[in-house]
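Visitor: First the structure, which I've put down as structure tokens, then a few questions once you've had a look.
The values are calculated or read from the model by the stated rules, or taken from the named source; none is laboratory data. Quick caveat, the model's predicted, so the values are computed rather than measured. Don't worry about glycine lacking a Cβ; one is built from the backbone with ideal geometry, like all the others, and counts go over all protein chains shown. Calculation scope for accessible area: heavy atoms of the full protein, side chains included, ligands and nucleic acids excluded. Shrake-Rupley method; radii C 1.70, N 1.55, O 1.52, S 1.80 Å.
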Amino acid sequence: QPQLVESGGGSVQTGGSTRLSCVTSGFSIGSYAVGWFRQAPGKEREGVSCISASRGNMAHGGVYYPDSVKGRFTILRDDAKNTVYLQMNNLKPEDTALYYCAVERNVDTVQKMCALAAAGYEYDYWGQGTQVTVSS
């Protein structure tokens, strides 16, 4: 049974840092692109960091960050540990949201991986999310 479990959320002060983890099981993560997404109340879902699959047609496709987080967020994957991380630095109150990880096999670019979230795309597998609250 495929499963994604996020952890690492919590309350952080403006300017602070935190690292989210997404531990996966039940499938071979190397064949999947992975993304971190967030959704705040009243706002649409947003892809904040996406990384290509490690093998297959999308291998070595790099990473993508939207302008809202570029230079502050870093996505890393460790396929040996079936885990993907999101390092979040210089956090702002507008980063407050429920953060999810998701994986998708049938996507050809990391930009598309992130962009599909706003269209309500159903990725192959999703986690339940972890809340990040940034206080000023």
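Visitor: Show me the strands (runs of 3 or more DSSP E) entirely contained within segment 1-65 in which 3 or more residues are hydroxyl-bearing (Ser, Thr, Tyr).
Guide: It comes to 18-25.
Visitor: Additional query: Being open to solvent by less than 60 Å² (accessible area, probe 1.4 Å), closer than 10 Å to VAL84 by Cβ, among the hydrophobic types (A, V, I, L, M, F, W, C) and in contact with a helix residue (DSSP H, G or I) (Cβ under 9 Å, 6 or more places away or on another chain) is the filter here; which residues of segment 19-35 pass it?
Guide: Matches in segment 19-35: ILE29, VAL34.
Visitor: Let me ask something additional. Within segment 98-106, is even one residue surrounded by fewer than 23 Cβ atoms within 10 Å (Cβ to Cβ) and β-branched (Val, Ile, Thr)?
Guide: No, there is no match, as no residue in segment 98-106 is surrounded by fewer than 23 Cβ atoms within 10 Å (Cβ to Cβ) and β-branched (Val, Ile, Thr).
Visitor: OK, next. Of these, GLU44, GLU94, which one is surrounded by fewer than 15 Cβ atoms within 10 Å (Cβ to Cβ) and at pLDDT below 95?
Guide: So the residue among GLU44, GLU94 that is surrounded by fewer than 15 Cβ atoms within 10 Å (Cβ to Cβ) and at pLDDT below 95 is GLU44.
Visitor: Residue by residue through segment 76-101, note down the ones that are within 17 Å of ARG55 (Cα to Cα) and either in a strand (DSSP E or B) or not acidic (Asp, Glu) (or both).
Guide: Matches in segment 76-101: LEU76, ARG77, ASP78, ALA80, LYS81, ASN82, THR83, VAL84.
Visitor: Let me ask another. Somewhere in segment 64-74, is a residue in contact with a Phe, Trp or Tyr (Cβ under 7 Å, 6 or more places away or on another chain), buried (at least 18 other Cβ atoms within 10 Å of the Cβ) and farther than 21 Å from TYR121 by Cα?
Guide: yes
Visitor: Another question, if that's okay. Can you name the number of the only condition in (1) within 21 Å of ALA97 (Cα to Cα); (2) buried (at least 20 other Cβ atoms within 10 Å of the Cβ); (3) touching a residue at least 60 places away in the same chain (Cβ under 8 Å) that GLY16 fails?
Guide: (2)
Visitor: Still on this structure: In segment 1-48, what residues are more than 11 Å from the chain's Cα centre (by Cα) and of a type in the set (A, V, I, L, M, F, W, C)?
Guide: LEU4, VAL5, VAL12, VAL23, PHE27, ILE29, ALA40, listed by residue number.
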